[in-house]
Every structure is written in structure tokens, then in C-alpha cells.
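**Q** Supplied in C-alpha cells, the structure appears directly below.
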Amino acid sequence: MAVFNALQKRFGIDQPPSPEQGRTSENPLLPEEVSEKSPSYLDILQRMEGDIIAVEETRPSTSTKPPTSTLAPLGLASQQEWESLFHATIDAGDRHNARRVVDLMKRSGVPVEQSLEDRLLFSFVFAKDVEGVNAYIEEVRSRGKVPTEVQRHLHVEALVVSRRFDEAQKLIHHYEGEGLVPSQSTYRNFIGALFAASKPSTSPHSPQYRALAWDMFAHMRYVAHPTPSLDTYNIMLRACADAISPSPQRALDLFHEMTVENRIQPTTATYNAVMLTCSRSGRRDYMHEAYRLGKQLLDEYRHLPDDGSGAKEQLQPDLETFKAMLEAAKRMGDLPRARWILAELVRLGERVDEELMGHVFHVYASFKPSFQRGAVPTVKQEDPKQNLTGTDPENLESEPRTPSIQVQPHAPLVPQSREEVLQEAQALFRRILRGQEVAQMGDMWTDISHPDWPFSSVKITTNLLNAYLSVHLNHETPEKALPLFISEKESLYKRFHVTKNSQSFAMVLERLAVAKGRHDRKKAMTLAEEVWQEWVAFSTKRENNA
């Protein structure tokens, strides 16, 4: 503000600027970008432009100097004052007058730092003003200069953020033809934008964008950058997981190439991407590979010294690490692994979120309890008539007919029945509810010693309730589980004021469709009709609100 006051005083500007001032420039402030009170730099720019025009009119018509430069610096303002004007326009989001400042600096003979031109070009990219970027690059070429690497990057980026992918690809090839190979970050941003545009995977353009991204990755390695960077590898590894059909072998090959052949140190994001790809594949060999990579990451993190170099922080496991392993656990019903993951998170002092807990409940839903035959002692069957001597006949019925289960010292401590699975899942859900109470206790929020602190950031969402309901649907009869979905008093969704989604109805209807036995199927049909009526009302309301 002090700079503006000094310039206003120098040019004799005493009155506050009005919205109509500063509109005579070739690139005026657009009407939608003007606030009720115009920025104070507009009057200053108008006075400066007037003085520069007056000097240019006195220049001999035979002058060979380019129109963007005066014969000598005019001294209208110092370098610092010009730059302050420029940053003020950029901060105000006024890219047109920012370019006006740069043009006036050149016309007044003041050198323009390359960083200012780059920031100006970035403001056009940020606004998705492709035409403005094209015009600026043409102006650079008209001065006989070659666009710098940053300018070429921003030129392509303007098309990428505007999702004009075909034009961006042609521009990259155009620069390659001129011998001006774009930076790897240019290729990486383009590839990342293509993968982002391919989501969701059901999009009609998804296959096209994914194919173009992989083609551009191969093209980059062949033409420009044979060795991808860490960030580029991470994008490609994550793309292996996000496809409709994950590509675990491709991810493992890229991981081997990156770490062994190119000797690039992986980060947590690298491990997470490979593990997620293997987990989502659904194949047990790849899912066990995800477990192995997770253990490798945890072991490296534990044994790596904290020497202040930042290497240990690069391998610190995060929630995404454990979510990737839970993706495998829920597909295999691996409840011991899910328990270990929760214990490891608590040991690391991490707070879980609703997505992770949803994975945990899915593990409980897919877990199949069974008796361990080795833990049950064999009892030799005897004829009860041979042991009647000295035995009261009335006490025969009180004798235990089935032996109690003796859990061996090394037997896995997992639920042995569906009832135990439900009890454990219910206890875990109560921990989540108590965690919410902890989050509302003020100072207790930061007390990591509180037993329910790890659950204090879990939010009750539709997907979380769907996952918890799936435990009841898989381990209870529909008649007992359905009140949590449709009952006025017991419905989870009404209790927590959460809206059901399509998955909620599909999950329930699928369970009712596989009811066994004539009696159970008759009850299931009655419940299905009730759920279907609610679904029709839900879908109708959603269509009306669309």
C-alpha cells in the first residue's frame, strides 16, 4: 500500500479510483472482475500509459527501435515499484492488467524478470484461458525468442487443464519436432490428467483416455525421457490399481524396474500403489504379495535410522498403506490380518477413518467361522447301558453330551461362531461411537492414551453403515438383520440421520434373494416387497431432484 500511495502522490492522483477508470487499455479489466471499488492500481497504470504514449509520439518515424521499447528508460517508477504493481494485479486475479503492466515495463525500458513472465503465464493457465496463453507465446516468438522450458510446459498445461487432450498431444509433438523436448513434468501432468479424466471407469471415454495415457508413457520413454522419475512411476503404478481390471503383473514389473534396474528409492505412495493393485486383483497369490510388500515397508521403516535426511519420513506407513492390505483381507475373509492391522495402527498412534473401518467390517462380513478340529478332543463313544451301575437314571440327561472346545496354546484367537463374529463387530461399532464422544470432549481430543482415541475421527457415513449392516446380513437370518435397515425404531440410517444409497438397497435385496428353505424364502419375499417399495420411493425422489 505504501508503494501505491507513493505512486499516486507522484502522478498527482488524489481522488479514490472509480470503476470506470482504467478501461482505455487494449486489455482492460473485465467487468465481471471489477469489484464495487476498482483497485487502486488502475489510475496509476492509466497515468503511466499516458506518459509512455506521449514519449512514443515524439519518437522519429524512422526509428528502428521495436514498438515495445523506448530509446532509454523513462524512470516512471523503480524496478521494485513496477513489480509491486504486477504482483498486486496478479493477487487480484486481474491477469489482463497484469499483462498490461509487463507490456508497459517493456515499453518504458525496464527489464522484466523471467519469473514475472512465468507467473503471468501461469495466471492465464489457472484461469483456463487457452487463447490468452497462445497469444502470449506468439508474442514471445514475434520477438525472435524461443519459449523457455517453463513457458512450453505452461503452454501444454493450459490445454491439459482445459481437457483439450488432442490439442495438447499435437502441441507436444510439435515441440518435439522443433527439437524443443518438453520436460518430464509436462508429460507426467498430461498422463496424470488423462488417468484422472478416465474416472469413473464406467465413463464412455475411460478406455480411450487410459489407452492414450499408456501410449504417451511409452512415447515419452522412447523419444524424450528413457528413465521415468519417481513421481511418474507412482502415477503409472496407481493407474494399474484404478483400472476396471487391475494389472498386478504390470505393477510388479514396473516396481522391479524402478527399484532394481533404475535404483530409484520407493516411497510410501509407491508401495501403496503396488499393494492396492495386487489386493484388488482378487487372486490369492497377488494378495499375499500385497501382504509381503506391506511387511517389507513396515520393516524398512522400523529399521531405518532417523538421521534427519528425510528418508525415514518417505517410508512412513499411512492409512492408505493399511487400507491397501485390508482390500486383500476383505476379499479373503482374513480376520486375523484385519485384527493385526488395527493393532498396528494403534501402536503407530494413527487415527482410523470411516473408509478404513468400512474395510474392517467387510472383513467381518466375509469371514467364515469354523471349528478347529485339532482343538476338539476326541471322545470315544460308549454304550450308555454299560455304565448304568451306580448311576442315577435321573442324572443321565444332566451329563454333558458334547465336549467343550479346548483352545490350544497356538490356536488362532478368532471367533468360532457367527454369534461371536456379530458380538465382536458390535463391540467394534460401539468403540466408534465412543470415539465420537471423545472427539467432543475438548482436551481429550489430543489425549492419545485414551483407549477410544484411535476412533475419534471416524464419521458415520452411508458406506460405513452399509459395511456394518453387511456383517449382520451375512451372519444372521434376514428376519433378524432387516430391522437395522427398515425398522422405524431400529434402523441404523434413521438413528444416525444418514441417507441410504443404491448400494444399501442392492445389498439387502441380494441377501433376500439367496434365502434358503421354503419357510425362510416366504419370509424373505415379504421383506423384499417392503424393501422394494422403499427403493421405488427412493429412486423416484432421486430422479425428481436430479
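The values are calculated or read from the model by the stated rules, or taken from the named source; none is laboratory data. Remember, predicted model here, so these are calculated numbers, not experimental data. Cβ placement follows ideal geometry from the backbone for every residue including glycine, while neighbour counts extend to all protein chains displayed. Accessible surface areas use protein heavy atoms only, side chains included; no ligands, DNA or RNA. Shrake-Rupley method; radii C 1.70, N 1.55, O 1.52, S 1.80 Å.
**Q** Compute the distance from the alpha-carbon center of segment 257-316 to that of segment 336-354, in whole Å.
**A** That distance is 18 Å.
**Q** Once you place label points 7 Å from the Cα toward the Cβ at Asp253 and Ala127, how far apart are they in nm?
**A** Going from the Asp253 label point to the Ala127 one covers 4.6 nm.
**Q** Go through 318-330, 507-519, 113-125 and give me the packing order, highest mean Cβ count within 10 Å leading.
**A** Packing order, densest peptide first, comes out as 318-330, 113-125, 507-519.
**Q** Can you figure out the FRET efficiency of Ser487 with Arg518, using R₀ = 30 Å and their beta-carbon distance, to the nearest 0.05?
**A** 0.75
**Q** In addition: Label-point separation (nm) for Val414 and Glu530, each offset 7 Å from Cα along Cα-to-Cβ?
**A** For Val414 paired with Glu530, the spin-label model returns 3.4 nm.
**Q** Then there is this: Enumerate the calculated ³J(HN,Hα) couplings along segment 253-258 in order (Karplus 6.51 cos²θ - 1.76 cosθ + 1.60, θ = phi - 60°), each rounded to whole Hz, writing x wherever the residue is Gly or Pro.
**A** With coefficients 6.51, -1.76 and 1.60, one gets 5, 5, 5, 5, 4, 5 Hz.
**Q** If I ignore ligands, DNA and RNA and count only protein heavy atoms, how much of His174 is accessible to a 1.4 Å probe, in Å² to the nearest 10?
**A** His174 has an accessible surface of roughly 90 Å² with all protein chains in place.
**Q** Right, another one. Loop-only GluC sites (Glu not before Pro) in segment 166-230, please: DSSP not H, G, I, E or B, and at most 12 other Cβ atoms within 10 Å.
**A** Within segment 166-230, the qualifying GluC sites (Glu not before Pro) (loop, at most 12 other Cβ atoms within 10 Å) are Glu178.
**Q** Determine the order of Thr268, Thr540 by accessible area, beginning with the largest, at a probe radius of 1.4 Å.
**A** Thr540, Thr268
**Q** Right, here's the next one. What does the net charge come to around Gln208 if you take all other residues with beta carbon closer than 14 Å to its beta carbon, with K and R at +1 and D and E at -1?
**A** Net charge around Gln208: +1.
**Q** Got a sec to turn the phi values of segment 475-480 into Karplus ³J(HN,Hα) couplings, 6.51 cos²θ - 1.76 cosθ + 1.60 with θ = phi - 60°, whole Hz, x for Gly and Pro?
**A** 10, 10, 6, x, 4, 7
**Q** A further question follows. Could you list, in their original order, any pairs among Lys323/Lys459; Lys459/Lys500; Lys145/Lys170; Lys489/Lys522; Lys494/Lys516; Lys480/Lys522 whose Cα atoms are separated by more than 18 Å?
**A** Violating the 18 Å limit, Cα to Cα: Lys145/Lys170; Lys489/Lys522; Lys494/Lys516.
**Q** Can you grab the distance from the C-alpha centre of segment 519-546 to the C-alpha centre of segment 126-195, Å, no decimals?
**A** 52
**Q** Between Gln296 and Ala224, how many nm apart are label points set 7 Å from Cα along the C-beta direction?
**A** Each label point lies 7 Å from its Cα, and together they span 3.0 nm.
**Q** How large a share of the accessible area of segment 424-546, in percent, is made up of carbon and sulfur atoms when the probe is 1.4 Å and the other protein chains stay in place?
**A** 53
**Q** Please list 3J(HN,Hα) in residue order for segment 429-436, calculated via the Karplus relation 6.51 cos²θ - 1.76 cosθ + 1.60 where θ = phi - 60°; whole Hz, with x for glycine and proline.
**A** Taking θ as phi minus 60°, the curve returns 5, 5, 4, 5, 5, 5, x, 5 Hz for segment 429-436.
**Q** Moving on to the next point. To the nearest 10 Å², what's Trp340's accessible area with a 1.4 Å probe?
**A** Number for this one is 90 Å².
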